[in-house]
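One structure is given here, and the rest of the page talks about it.
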Amino acid sequence: MTTLSLDHVSRWFGNVVAVNDITMTIGPGVTGLLGPNGAGKSTLINMMGGFLAPSTGTVTLDGRPVWRNEEIYRHIGIVPEREAMYDFLTGREFVVANAELHGLGDEAARKALATVEMEYAQDRKIATYSKGMRQRVKMASALVHEPSLLLLDEPFNGMDPRQRMQLMGLLRKMGDEGRTVLFSSHILEEVEQLARHIEVVVAGRHAASGDYRKIRRLMTDRPHRYLVRSSDDRALAAALIADPSTSGIEVDHAEGALRVQAVDFGRFTTLLPKVARDHGIRLLTVSPSDESLESVFSYLVAA
Amino acid sequence: MYDPTVARLTYRALLGRRRALILGALPLLLIVISVAVRALSGADDQTAADVLGGFALATMVPIIGVIAGTGAIGPEIDDGSVVYLLAKPLKRPAIIFTKLIVAIAVTMVFSAVPTMIAGLILNGNGQQIAVAYTVAALVASIAYSALFLLLGTVSRHAVVFGLVYALVWEALFGSLVPGARTLSVQQWALAVAHKVAGGDLVTSEVGLTTAVVLLVAVTVLATWYAGQKLRSLKLAGEE
């Protein structure tokens, strides 16, 4: 059982606050660190991995400090986001070197390469690898010593769907084995598919934490805004506002459209086509106007 | 302290095709110059000392030192691949120490060996000049490697700073401005060379004791400090 604890951790660079007073505990199983780009996920992972000192607060692994503690790497495996990785070596040479640095031998490297299914390309230079292959070799280098904590920064970036499925399977398996696995992503669907537990970070702050269903509910239950054009906007507006799932409608003359705010996402999505059909109104445009992740996240922060 | 895996990775990075070409260019130039000088003016002790002192020790050795010293760690820190060394249960000073040994070995091979060959071509080691400058190159290799390894650890512009130091300080001020000469690896190495050669052909601005003390102090302090810097090296901040 390995538990990573962050206690009131902040990190600033000059005047910029990258991480703002975050307290969280990451236990065994797969945890997703979700947040839009620039939210501070990488800064957070770098502090968890001991590559950056918190400006204030502490990061500990089972009570031992992570910063300036080389021995902690016997228990941590890290898959960095950056691509650079001794391109002049072959995949096998790279993983063997990583094993040796842990005091292990070729056998550990062979096992790790088999785990990520990279044996077929292990004798090619890393410089010739695709992004997905690099990702898997990085993964193998992080697994050689069978760490109890695995940290992955945006591991699915640049992977094709098949590679993504394979890596998800691998991480799931590691979580089921009782290892503590934490990965970051800015894509909700990705996190949802893999992690039971989600930590949401927005603008350096800890916005939400919990089971993925709870986070999903928070995200879908927020007020949704739609831009709607129809054959009779006013009649449609009158019919929609009669239902409690709609909290506000504005007639936008410039756009020639309605701006609808719905509070009950599920109900509204079935209501709209039904109302239109009952009133003989043709729907011309229905488009969500605030589906960007940033707006979803900023709602979460306010919630 | 010495980690063979770190050493292997460092050697392979340093002796990659492009860097090896750069490392080989200056020694080749030195030998070409020596052959030309010998062919044109015959064997002359003073000329040999001028070529070895003016080009080999004052220019070639520090530049090779910059390439090997900063190249042993700088590129890894720049591109972030050093993370694979840092995320291991390895003492950070051991990483620095290993890289120092590799940088010293590479600098010695690419500077002291060609100095010896050039010396033999120029005057067949007359008056011990070839041996004296080879010893100077060996001694200077150690101090330069330590200095430039530190520079590669603390600065992203290590090569530029290193070249400025090597060319402006060592080659220019080091031979022109009296005060600067005392604080010059080149002069310290020359003091050792003077002891080897005897006579007046190889001279230094500093005494042997001062030179040895300063050489050891600079090497030890630079290595220690680089180890400390690597312990608190921060890899983040791109967000």
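Looking only at segment A:25-51, which residues are surrounded by fewer than 17 Cβ atoms within 10 Å (Cβ to Cβ) and either within 15 Å of the chain's Cα centre (by Cα) or closer than 14 Å to A:VAL200 by Cβ (or both)?
First pass over segment A:25-51, keeping only residues surrounded by fewer than 17 Cβ atoms within 10 Å (Cβ to Cβ): A:25, A:27, A:37-38.
Across segment A:25-51, the qualifying residues are A:ASN37, A:GLY38.
Given the condition touching a residue at least 12 places away in the same chain (Cβ under 8 Å), within 14 Å of another protein chain (Cβ to nearest Cβ) and not basic (Lys, Arg), answer yes or no: does some residue in segment A:171-185 qualify?
Yes: segment A:171-185 contains one or more residues that are touching a residue at least 12 places away in the same chain (Cβ under 8 Å), within 14 Å of another protein chain (Cβ to nearest Cβ) and not basic (Lys, Arg).
Of all residues in segment B:76-100, count the ones that are closer than 20 Å to B:GLY16 by Cα and without any contact (Cβ under 8 Å) to a residue 24 or more places away in the chain.
The qualifying residues number 3.
Of B:ILE96, B:ILE67, which residue is within 14 Å of chain A (Cβ to nearest Cβ) and closer than 18 Å to B:ALA158 by Cα? First the steps, then the outcome.
On the way: B:ILE67 fails: within 14 Å of chain A (Cβ to nearest Cβ).
Step by step, each of B:ILE96, B:ILE67 is checked, and only B:ILE96 is within 14 Å of chain A (Cβ to nearest Cβ) and closer than 18 Å to B:ALA158 by Cα.
What's the total number of residues in segment A:152-178 that are surrounded by 14 or more Cβ atoms within 10 Å (Cβ to Cβ) and either in a helix (DSSP H, G or I) or touching a strand residue (DSSP E or B) at 6+ places or on another chain (Cβ under 6 Å) (or both)?
Adding up the residues that qualify gives 14.
Any residue in segment B:208-227 that is touching a residue at least 40 places away in the same chain (Cβ under 8 Å) sitting within a Cβ distance under 6 Å of a residue that is among the small types (Gly, Ala, Ser)? List the pairs, counting only those 6 or more apart or interchain.
B:LEU215/B:ALA143; B:VAL218/B:ALA143; B:THR219/B:ALA143; B:THR219/B:ALA146; B:ALA222/B:ALA146; B:THR223/B:ALA146
Name every residue in segment A:77-112 that is more than 7 Å from chain B (Cβ to nearest Cβ), more than 24 Å from the chain's Cα centre (by Cα), buried (at least 17 other Cβ atoms within 10 Å of the Cβ) and not in a loop (DSSP other than H, G, I, E, B), in order of residue number.
Across segment A:77-112, the qualifying residues are A:THR90, A:GLY91, A:ARG92, A:GLU93, A:PHE94, A:VAL95, A:VAL96, A:ALA99, A:ALA108, A:ALA109, A:ARG110, A:ALA112.
Tell me whether segment B:18-33 contains one or more residues that are in a loop (DSSP other than H, G, I, E, B), within 14 Å of another protein chain (Cβ to nearest Cβ) and either touching a Leu at 6+ places or on another chain (Cβ under 7 Å) or closer than 15 Å to B:VAL106 by Cα (or both).
no
Tell me which of these A:MET139 doesn't satisfy, since it passes every other one: (1) surrounded by fewer than 20 Cβ atoms within 10 Å (Cβ to Cβ); (2) within 14 Å of chain B (Cβ to nearest Cβ).
Going through the list (1) surrounded by fewer than 20 Cβ atoms within 10 Å (Cβ to Cβ); (2) within 14 Å of chain B (Cβ to nearest Cβ), A:MET139 breaks only (1).
In a strand (DSSP E or B) and under 22 Å from A:THR25 (Cβ atoms): is that true of A:ILE72 in this structure?
no
Residue by residue, here is whether (1) at pLDDT below 90; (2) within 14 Å of chain A (Cβ to nearest Cβ) holds:
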{"residue": "B:SER184", "(1), (2)": "yes, no"}
{"residue": "B:VAL192", "(1), (2)": "no, no"}
{"residue": "B:VAL196", "(1), (2)": "yes, no"}
{"residue": "B:THR203", "(1), (2)": "yes, no"}
{"residue": "B:THR219", "(1), (2)": "no, no"}
{"residue": "B:LEU233", "(1), (2)": "yes, yes"}
{"residue": "B:ALA236", "(1), (2)": "yes, yes"}
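Suppose we filter B:ALA130, B:ALA103, B:ALA68 for residues that are buried (at least 20 other Cβ atoms within 10 Å of the Cβ), at negative phi and either over 10 Å from the mean Cα position of the chain (by Cα) or without any contact (Cβ under 8 Å) to a residue 12 or more places away in the chain (or both); which single one remains?
Step by step, each of B:ALA130, B:ALA103, B:ALA68 is checked, and only B:ALA130 is buried (at least 20 other Cβ atoms within 10 Å of the Cβ), at negative phi and either over 10 Å from the mean Cα position of the chain (by Cα) or without any contact (Cβ under 8 Å) to a residue 12 or more places away in the chain (or both).
For segment B:44-55, indicate whether the set of residues that are in a helix (DSSP H, G or I), within 16 Å of B:MET116 (Cβ to Cβ) and aromatic (Phe, Trp, Tyr) is non-empty.
yes
May I ask you to list the residues in segment B:197-221 that are part of a helix (DSSP H, G or I) and surrounded by fewer than 16 Cβ atoms within 10 Å (Cβ to Cβ)?
Answer for segment B:197-221, where residues must be part of a helix (DSSP H, G or I) and surrounded by fewer than 16 Cβ atoms within 10 Å (Cβ to Cβ): B:LEU208, B:THR209, B:THR210, B:VAL213, B:VAL216, B:ALA217, B:VAL220, B:LEU221.
Could you please tell me which pairs satisfy a Cβ distance under 6 Å, a separation of 6+ or placement on different chains, a first residue in segment A:25-51 that is at positive phi and within 9 Å of chain B (Cβ to nearest Cβ), and a second residue that is part of a loop (DSSP other than H, G, I, E, B) and not charged (D, E, K, R)?
A:GLY40/A:GLY204; A:GLY50/A:VAL66; A:GLY50/A:TRP67
Would you check if there is a residue in segment A:3-17 being over 18 Å from the mean Cα position of the chain (by Cα), within 14 Å of chain B (Cβ to nearest Cβ), buried (at least 24 other Cβ atoms within 10 Å of the Cβ) and in contact (Cβ under 8 Å) with a residue 24 or more places away in the chain?
Checking segment A:3-17: at least one residue is over 18 Å from the mean Cα position of the chain (by Cα), within 14 Å of chain B (Cβ to nearest Cβ), buried (at least 24 other Cβ atoms within 10 Å of the Cβ) and in contact (Cβ under 8 Å) with a residue 24 or more places away in the chain.
Out of A:LEU240, A:LEU188, A:LEU258, report the one residue that is buried (at least 19 other Cβ atoms within 10 Å of the Cβ) and within 30 Å of A:ASN20 (Cβ to Cβ).
A:LEU188
Applying the selection to segment A:118-128, what residues are in contact with a Gly (Cβ under 8 Å, 6 or more places away or on another chain) and either assigned to a helix (DSSP H, G or I) or within 13 Å of chain B (Cβ to nearest Cβ) (or both)?
A:ALA121, A:ILE126
Which of (1) among the charged types (D, E, K, R); (2) modelled with pLDDT of 90 or more; (3) under 26 Å from A:GLY103 (Cα atoms) does B:ARG38 not meet, given it meets every other one?
So B:ARG38 meets the others, but not (3).
When segment A:67-76 is examined, which residues are found to be under 16 Å from A:LEU151 (Cα atoms), more than 7 Å from every other protein chain (Cβ to nearest Cβ) and not aliphatic (A, V, I, L, M)?
Passing the criteria: A:TRP67, A:HIS75.
So for segment A:208-216 (the condition being buried (at least 22 other Cβ atoms within 10 Å of the Cβ), closer than 26 Å to A:ARG74 by Cα and not acidic (Asp, Glu)), does at least one residue qualify?
Restricting attention to segment A:208-216, the residues satisfying the condition of being buried (at least 22 other Cβ atoms within 10 Å of the Cβ) are A:215.
Add one more test, that the residue is closer than 26 Å to A:ARG74 by Cα, and what stays is none.
Within segment A:208-216, none of the residues are buried (at least 22 other Cβ atoms within 10 Å of the Cβ), closer than 26 Å to A:ARG74 by Cα and not acidic (Asp, Glu).
Which of (1) touching a helix residue (DSSP H, G or I) at 6+ places or on another chain (Cβ under 7 Å); (2) closer than 22 Å to B:ALA13 by Cα; (3) away from chain B (no Cβ under 12 Å) is the odd one out, the single condition A:THR115 does not satisfy?
Here A:THR115 clears every test but (2).
The values are calculated or read from the model by the stated rules, or taken from the named source; none is laboratory data. What you see is a predicted model, and the numbers here were worked out from it, not measured in a lab. Backbone-built Cβ (ideal geometry, glycine too); neighbour counts: all protein chains shown.
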